[in-house]
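Enquirer: Could you have a look at this structure, given as structure tokens, before my questions?
The values are calculated or read from the model by the stated rules, or taken from the named source; none is laboratory data. Note that the structure is a prediction, hence the values are computed from the model and not measured. Glycine gets a Cβ as well: all are built from the backbone with ideal geometry, and neighbour counts include every protein chain shown. Side chains included, ligands, DNA and RNA excluded: accessible areas come from the protein's heavy atoms. Shrake-Rupley method; radii C 1.70, N 1.55, O 1.52, S 1.80 Å.
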Amino acid sequence: MTTALLTDKQKLKKPPLEIHYLGDRVLRQPAKRISQVNNEIRQLARTMLQTMYSADGIGLAAPQVGVNKQLIIVDLQPEEAANPPLIMVNPAIRQFSPEIELGQEGCLSIPGVYLDVKRPAMIEVAYKDEQGRPQVLFATELLARAIQHEIDHLTGIMFVDRVENLVLLNQELKEHGFSRHAVKPIAE
Ligand code: NI
């Protein structure tokens, strides 16, 4: 598979994978490590990319499409055909900055809901790329936030679990047809 195939950013009327929504149990299961980055994984990454671009997302984790594997994709420039997406296999955050930032998040599994979440401002993340090569990335700002959000999905955590403003949270969930009982608040 060539990089060109992986970076095709067309929006498809019928995306290849179905996105699961908050309340669906598949989103709450811990994902399994990928032992070998093979064609099956690359094909999964490609169909996840097609699904993410079609849904106007900037990140997607395999559990969101019902696949119990440690694979995430992130692309902060979905309109830029020349900018390759990040494909991360078995991503693990090695270091978090002590500095915390508040920023707005959304999720393709909770459409319409946008709320502020506190996260470490900077991270160092180790992963394997789509060729199975080990990589280390230092990320800040929105990229750091997006990667942390996607890695959360791999342990069954949804961003709404981290929202501290419960009044706004309940209001937003109700407005967009989600149950507050689907939220599992993170114990601090
Ligand atoms: Ni998400």
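Enquirer: Across the stretch 40-56, what is the number of residues that are touching a strand residue (DSSP E or B) at 6+ places or on another chain (Cβ under 9 Å), within 14 Å of the ligand (Cβ to nearest atom) and not hydroxyl-bearing (Ser, Thr, Tyr)?
Expert: 2
Enquirer: Name the one entry in Leu27, Leu44 that is modelled with pLDDT of 95 or more and closer than 16 Å to Lys128 by Cβ.
Expert: Leu44
Enquirer: Okay, next question. Mind listing just one residue for me: the one in the stretch 101-113 that is within 12 Å of the ligand (Cβ to nearest atom) and open to solvent by 20 Å² or more (accessible area, probe 1.4 Å) and, of those, farthest from Val74 (Cα to Cα)?
Expert: At the first step, the residues of the stretch 101-113 found to be within 12 Å of the ligand (Cβ to nearest atom) are 105-111, 113.
When the remaining residues are screened for being open to solvent by 20 Å² or more (accessible area, probe 1.4 Å), the result is 106, 108, 111.
On the way: Gly106: 13, Leu108: 12, Pro111: 17 Å.
In this case the residue turns out to be Pro111.
Enquirer: Just checking, does the stretch 118-134 include any residue being surrounded by 12 or more Cβ atoms within 10 Å (Cβ to Cβ), under 16 Å from the mean Cα position of the chain (by Cα), modelled with pLDDT of 95 or more and part of a helix (DSSP H, G or I)?
Expert: No, there is no match, as no residue in the stretch 118-134 is surrounded by 12 or more Cβ atoms within 10 Å (Cβ to Cβ), under 16 Å from the mean Cα position of the chain (by Cα), modelled with pLDDT of 95 or more and part of a helix (DSSP H, G or I).
Enquirer: Looking only at residues that are among the charged types (D, E, K, R) and part of a helix (DSSP H, G or I) in the stretch 29-64, which one is surrounded by the fewest Cβ atoms within 10 Å (Cβ to Cβ)? Let's see the steps before the verdict.
Expert: Residues of the stretch 29-64 among the charged types (D, E, K, R): 32-33, 40, 42, 46, 56.
Checking which are part of a helix (DSSP H, G or I) leaves us with 40, 42, 46.
Working: Glu40: 11, Arg42: 18, Arg46: 19.
The extreme case among them is Glu40.
So that you can scan it fast, the table gives a plain yes or no per residue for (1) polar (S, T, N, Q); (2) farther than 21 Å from Ile151 by Cβ; (3) within 13 Å of the chain's Cα centre (by Cα):
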{"site": "Lys13", "(1), (2), (3)": "no, yes, no"}
{"site": "Leu17", "(1), (2), (3)": "no, no, no"}
{"site": "Arg28", "(1), (2), (3)": "no, no, no"}
{"site": "Asn38", "(1), (2), (3)": "yes, yes, no"}
{"site": "Ile73", "(1), (2), (3)": "no, no, yes"}
{"site": "Leu76", "(1), (2), (3)": "no, no, yes"}
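Enquirer: For the stretch 135-160, which residues satisfy the criterion of being under 23 Å from Leu76 (Cβ atoms) and either surrounded by fewer than 19 Cβ atoms within 10 Å (Cβ to Cβ) or more than 13 Å from the ligand (Cβ to nearest atom) (or both)? Break it down into steps so the answer makes sense when it comes.
Expert: Pass one, the stretch 135-160, residues under 23 Å from Leu76 (Cβ atoms): 135-155, 157-160.
Once the filter is applied, which keeps residues that are under 23 Å from Leu76 (Cβ atoms) and either surrounded by fewer than 19 Cβ atoms within 10 Å (Cβ to Cβ) or more than 13 Å from the ligand (Cβ to nearest atom) (or both), the stretch 135-160 yields Gln135, Val136, Leu137, Phe138, Ala139, Thr140, Glu141, Leu142, Leu143, Ala144, Thr155, Ile157.
Enquirer: Residues in the stretch 17-28 that are part of a helix (DSSP H, G or I) and either out of contact with any helix residue (DSSP H, G or I) (no Cβ under 7 Å at 6 or more places or on another chain) or open to solvent by less than 30 Å² (accessible area, probe 1.4 Å) (or both): how many?
Expert: Filtering the stretch 17-28 for residues part of a helix (DSSP H, G or I) gives 25-28.
If we keep only those that are either out of contact with any helix residue (DSSP H, G or I) (no Cβ under 7 Å at 6 or more places or on another chain) or open to solvent by less than 30 Å² (accessible area, probe 1.4 Å) (or both) too, we end up with 25, 27-28.
Result for the stretch 17-28: 3.
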